[in-house]
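Asker: So that we are looking at the same thing, I have put the structure below in structure tokens.
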Amino acid sequence: MLTNQQLAVAVQDAVELERSRIACDLHDGVAQQLALALLKLEYLQHLLNTGSSQQALPELQKTASIIQGSLVELRHCITSSVPLQLTRYGLSVAMHNLLEEYRGEGMQITYECDDPLDIPISLEVCIYRFMQEALNNIRKHAHATQVTIRVYSSAEALAITVQDNGCGLPEQLHIQGAGLQIMHARVQSLGGSWQISSQPGQGTTLQVSFPHKCVS
């Protein structure tokens, strides 16, 4: 039987774990959506300043939809560790919706995926959050016009590669970027491995892989 002190420590550990989970979900989910909404508002301001009012209304509607979705996601992440898109639609449709959001920002995204994979929900969450953070980093830092995403299964592992033609990530961001650190921690927590390759002016390639023992 646990002593009072051991019980208190266990409760505190559980509280800290839940705080960490909510913080990561807010960073990877709601924060990314709000950043995208801010980008659209800046574009909307540009349209209004240049007299392109006819184009402004559809952009305003898109922005309102993103903000509304952020509020729903915020409420959802307080009670669930699974992103709302995954809960509603599953990984395939959630990925499609995510990519369409960023295609709307002028990025040309090529997405290649093997046959639908039967994987645990914990891995689906990791893959979806990984894609969110990768695309947001590309939008904020890389200024890329082309992105290629591949999800494939080899004899040894399930692998995901995200490659862009942008300006490359600063060296300090490899080490100190909060989003990358959270992404890396998620991958490691499921037994996966992580690799990032980036050179100034030569784009960035992110790759994660999960041994099949983690996928089954």
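Asker: Take 72, 147 and order them by how many other Cβ atoms sit within 10 Å, fewest up front.
Answerer: 72, 147
Asker: Sort 66, 127 so the one with the fewest other Cβ atoms within 10 Å of its own Cβ comes first.
Answerer: Working: 66 19, 127 25.
Fewest-to-most ranking of 66, 127: 66, 127.
Asker: Separate question: Once amide H atoms are placed 1.01 Å from N in the peptide plane, what residues at a sequence separation of 5 or more from residue 147, or on another chain, have their amide H within under 5 Å of its amide H?
Answerer: Distant-sequence amide H within range of residue 147: 108, 109, 110.
Asker: Quick one: what are the phi-derived ³J(HN,Hα) couplings along the range 151-167, Karplus 6.51/-1.76/1.60 with θ = phi - 60°, whole Hz, x for glycine and proline?
Answerer: Each residue's phi maps through the Karplus curve to give 10, 8, 10, 9, 5, 9, 7, 8, 10, 10, 10, 10, 10, 10, 9, x, 7 Hz.
Asker: In nm, to one decimal, how far is the residue 82 label point from the residue 46 one, both placed 7 Å along Cα→Cβ?
Answerer: Reported label-point gap for residue 82 and residue 46 is 3.8 nm.
Asker: Starting from the amide H of residue 158, placed 1.01 Å from N in the peptide plane, find each other amide H under 5 Å away whose residue is 5 or more places distant or on another chain.
Answerer: 210, 212
Asker: Going by how many other beta carbons lie within 10 Å of each one, how would you line up 70, 92, fewest first? Walk me through the numbers on the way to the answer.
Answerer: Details: 70 18, 92 12.
In increasing order of surrounding Cβ atoms, one gets 92, 70.
Asker: How many nm is it between the label spots at residue 55 and residue 207, if each spot is 7 Å from the Cα in line with the beta carbon?
Answerer: 3.9
Asker: Scan around residue 169 for amide H atoms under 5 Å from its own, H built in the peptide plane at 1.01 Å from N, and keep only partners 5 or more places away or cross-chain.
Answerer: 199
Asker: Taking the alpha-carbon distance from residue 62 and a cut-off under 17 Å, which lysines remain once sequence neighbours fewer than 8 residues away in the same chain are dropped?
Answerer: 40
Bear in mind these aren't lab numbers, they're just calculated from the coordinates by the rules spelled out. Values in this document were obtained by computation on a predicted structure and should not be read as measured data. Cβ coordinates were reconstructed from backbone atoms using ideal geometry, including for glycine residues, and neighbour counts include every protein chain displayed.
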